[in-house]
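This report concerns only the one structure given below.
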Amino acid sequence: MNPFSYERAQQPDAAIHAIASNQHAKFLGGGTNLIDLMKDDVEHPSTLVDITRLQTLATVNPVDGGLLTGALVRNSDLANTTEVRTRYPLLSQALLSGASAQLRNLATTGGNLMQRTRCYYFMDPSYAACNKRAPGSGCSAVNGYNRIHAVLGQTDNGPADAHTCIATNPSDMNVAMAALQAVVEISGPKGKRSMPVRDFHRLVGNTPHLDTNLKADELITGAFLPAKAAVFAPHSYYLKARDRQSYAFANVSVAAGLELEGGSIRSIAFAMGGVCHKPWTSEEAEHVMIGKQATAETFKHAAEVATRGAKGYENNAFKIELSKNCIVRAFTLAAQGTGTASA
Ligand SMILES: Cc1cc2nc3c(=O)[nH]c(=O)nc-3n(C[C@H](O)[C@H](O)[C@H](O)COP(=O)(O)OP(=O)(O)OC[C@H]3O[C@@H](n4cnc5c(N)ncnc54)[C@H](O)[C@@H]3O)c2cc1C
Ligand code: SF4
């Protein structure tokens, strides 16, 4: 383990100042991801700026008919907030499907948005080639064991290429937030800004070392759930296909929400996890469902559109068919109204 110093911020401005004045400092939320990566010699911050005492960022409040969750709200608290359970059950289900009760009690909203990939080769520095951990070194996963890796939106120019990365974003919360079109609230030395979750996480492109569009000196202060996303509450479902029923990351997950009028579909909430470097969304797939009856045929068509161009590898090609099946199943269950959480 590398030596590091620790400081505790009492105000958001002090936290931003601490990180802006030291490019090797990192914020410490619940520590469930960052501390593991430090122990494994993957992350080496010189200073940890503990933000867990920022009480102003630890509450969930109604704003503009929607809901603003502070960045320090723990995953279990957010999942069990009455307003989330009743108006945004998709988010509650996604959060409760993640990790374990103990981890959810520690993990924060900001930390979950920022959690890093679980790619085996990224998490183990004994593998030299990893463009995310060591930019320009290549990618061990493309020709390695790639069961948990991406089938959509990845960059693959071969194992030696400096841009190749087929890692996935492992979060469940991020998938539900992308489907519900949540917005990330950000503060930095230059002031405040907002960014849709759908734009917050990045495709690999030519920058595999970058996971998000957050700048190094910026603090996530919260995530806003818009009022209009509450229309999906009666017909939403988070489906997570994984190797064990608990304490396992998604092989494929689907956040599905339908606004129904009669039997036909008025609007859609849709995102996928476990398949891409960011929550995978498809406006084309949403488009082919709008105005149609909520039937298996409609959902099958959308599943084909959403997975168009998917490319599998030796150990994960199964994800393509699994994705299609999960989309059909998640929307079918959403249409039946089986996913509504009770208060
Ligand atoms: C065994 C295990 C199983 C898991 N299973 C799942 C699962 O099934 N599904 C799932 O979704 N997740 C799972 N997780 C991941 C877990 O959800 C994350 O570790 C957690 O959400 C990270 O939150 P944290 O507050 O602990 O972040 P930290 O570890 O404190 O921080 C993570 C990163 O976020 C940065 N950061 C934290 N807060 C802010 C902020 N406000 N602004 C800017 N940057 C910030 C930190 O600097 C760091 O880089 C699992 C984790 C473990 C260890
Ligand atoms: S998939 Fe990405 S994170 Fe994994 S080894 Fe390749 S470059 Fe590294």
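Restricting to region 144-154, and then to whatever is within 9 Å of ligand 2 (Cβ to nearest atom) and open to solvent by less than 30 Å² (accessible area, probe 1.4 Å), can you tell me which residue is nearest to I327 (Cα to Cα)? Among those that are within 9 Å of ligand 2 (Cβ to nearest atom) and open to solvent by less than 30 Å² (accessible area, probe 1.4 Å), it is A150. Scanning region 226-266 for residues that are among the hydroxyl-bearing types (S, T, Y) and modelled with pLDDT under 95 turns up S246, Y247. Scan region 190-238 for residues that are more than 21 Å from S253 (Cβ to Cβ) and part of a strand (DSSP E or B) and jot them down. Hits for region 190-238 are G191, K192, R193, S194, M195, L219, I220, T221, G222, F224.
Looking at region 47-65, which of its residues are polar (S, T, N, Q) and either assigned to a strand (DSSP E or B) or open to solvent by less than 50 Å² (accessible area, probe 1.4 Å) (or both)? Reasoning before the result, please.
Going through region 47-65, the residues polar (S, T, N, Q) turn out to be 47, 52, 55-56, 59, 61.
Listed by number, the residues that qualify are T47, T52, N61.
Just one residue in the set A179, A141, A167 is open to solvent by less than 30 Å² (accessible area, probe 1.4 Å), in contact with a His (Cβ under 8 Å, 6 or more places away or on another chain) and within 16 Å of ligand 1 (Cβ to nearest atom); that residue is A167.
Residue by residue, here is whether (1) within 8 Å of ligand 1 (Cβ to nearest atom); (2) part of a loop (DSSP other than H, G, I, E, B); (3) open to solvent by less than 60 Å² (accessible area, probe 1.4 Å) holds:
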position	(1), (2), (3)
K26	yes, no, no
D36	yes, no, no
P45	yes, yes, yes
L68	no, no, yes
D77	no, no, no
L91	no, no, yes
A99	yes, yes, yes
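Each residue in region 244-266 was checked for being without any contact (Cβ under 8 Å) to a residue 60 or more places away in the chain and either in a helix (DSSP H, G or I) or over 25 Å from H201 (Cα atoms) (or both), and 9 pass. Within region 167-189, residues that are over 25 Å from K132 (Cα atoms) and in a loop (DSSP other than H, G, I, E, B) reach partners that are of a type outside the set (A, V, I, L, M) and open to solvent by 10 Å² or more (accessible area, probe 1.4 Å) with beta carbons closer than 6 Å, at six or more positions or on different chains, in the pairs P189/D217.
Restricting region 103-138 to residues that are in contact with a strand residue (DSSP E or B) (Cβ under 8 Å, 6 or more places away or on another chain) and either without any contact (Cβ under 8 Å) to a residue 40 or more places away in the chain or away from ligand 1 (no atom under 16 Å from the Cβ) (or both) leaves a set whose member that is nearest to F318 (Cα to Cα) is Y121.
Any residue at all in region 221-233 that's touching a residue at least 60 places away in the same chain (Cβ under 8 Å) and farther than 20 Å from V60 by Cβ? No, because not a single residue in region 221-233 is touching a residue at least 60 places away in the same chain (Cβ under 8 Å) and farther than 20 Å from V60 by Cβ.
Can you confirm whether G188 is closer than 20 Å to A71 by Cβ and open to solvent by 10 Å² or more (accessible area, probe 1.4 Å)?
Values: closer than 20 Å to A71 by Cβ: yes; open to solvent by 10 Å² or more (accessible area, probe 1.4 Å): yes.
Spelling it out, G188 is indeed closer than 20 Å to A71 by Cβ and open to solvent by 10 Å² or more (accessible area, probe 1.4 Å).
Report, by residue number, each residue of region 305-327 that is closer than 17 Å to A250 by Cβ and in a helix (DSSP H, G or I). Correct list: A306, F318, K319, I320, E321, L322, S323, K324, N325, C326, I327. Out of the residues in region 205-248 that are surrounded by fewer than 23 Cβ atoms within 10 Å (Cβ to Cβ) and of a type in the set (D, E, K, R), state the one that is farthest from ligand 1 (Cβ to nearest atom). For region 205-248, the residue satisfying everything is K228.
The values are calculated or read from the model by the stated rules, or taken from the named source; none is laboratory data. Treat the numbers as computed from the prediction; the structure is a model and nothing was measured. Here the Cβ is made from the backbone with ideal geometry for all residues, glycine too, and neighbour counts use every protein chain on show. Please note that ligands, DNA and RNA were not included when accessible areas were found on the heavy atoms of the full protein model with its side chains. Shrake-Rupley method; radii C 1.70, N 1.55, O 1.52, S 1.80 Å.
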